[in-house]
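Enquirer: Input: one structure, supplied below.
The values are calculated or read from the model by the stated rules, or taken from the named source; none is laboratory data. Not measured: the values here are computed from a predicted model. Backbone-built Cβ (ideal geometry, glycine too); neighbour counts: all protein chains shown.
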Ligand SMILES: [Zn+2]
């Protein structure tokens, strides 16, 4: 009796009788987090992911890496930052200590390959 009403959850494969739903109730709850800050959480997770991807694709000896590590590791312990920024904890500590306010990453106001009017480089 009631066999026709049984539905198979698309997520865990259990049978449930929630008509018109593809998921059982526990899975439905997991699919839709109800915390009010879930959007913020997702944004932060995405940003963390983006930063990690950026640091992973950086050339190993890029001179932009150190100033980025310096700024991005702020407020994080070096082990967490190292994990996130794809470098060693000792490198993070080294970058944290240094002052990178003069780094060209923060100083360059023009792209390096932009030719400015006043100087005509010899061809
Ligand atoms: Zn389920």
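Enquirer: Is it true that some residue in region 46-59 is surrounded by 10 or more Cβ atoms within 10 Å (Cβ to Cβ) and either modelled with pLDDT under 80 or within 16 Å of the ligand (Cβ to nearest atom) (or both)?
Expert: no
Enquirer: Now for a different question. Return the residues of region 10-27 that are modelled with pLDDT of 90 or more, out of contact with any strand residue (DSSP E or B) (no Cβ under 9 Å at 6 or more places or on another chain) and either within 6 Å of the ligand (Cβ to nearest atom) or outside any loop (DSSP other than H, G, I, E, B) (or both); say none if nothing qualifies.
Expert: 12, the sole residue that qualifies.
Enquirer: Name every residue in region 64-85 that is at pLDDT 90 or above and assigned to a loop (DSSP other than H, G, I, E, B), in order of residue number.
Expert: 73, 74, 75, 76, 77
Enquirer: Of the numbered conditions (1) assigned to a loop (DSSP other than H, G, I, E, B); (2) within 16 Å of the ligand (Cβ to nearest atom); (3) under 24 Å from the mean Cα position of the chain (by Cα), residue 30 satisfies every one except a single condition; which is it?
Expert: (1)
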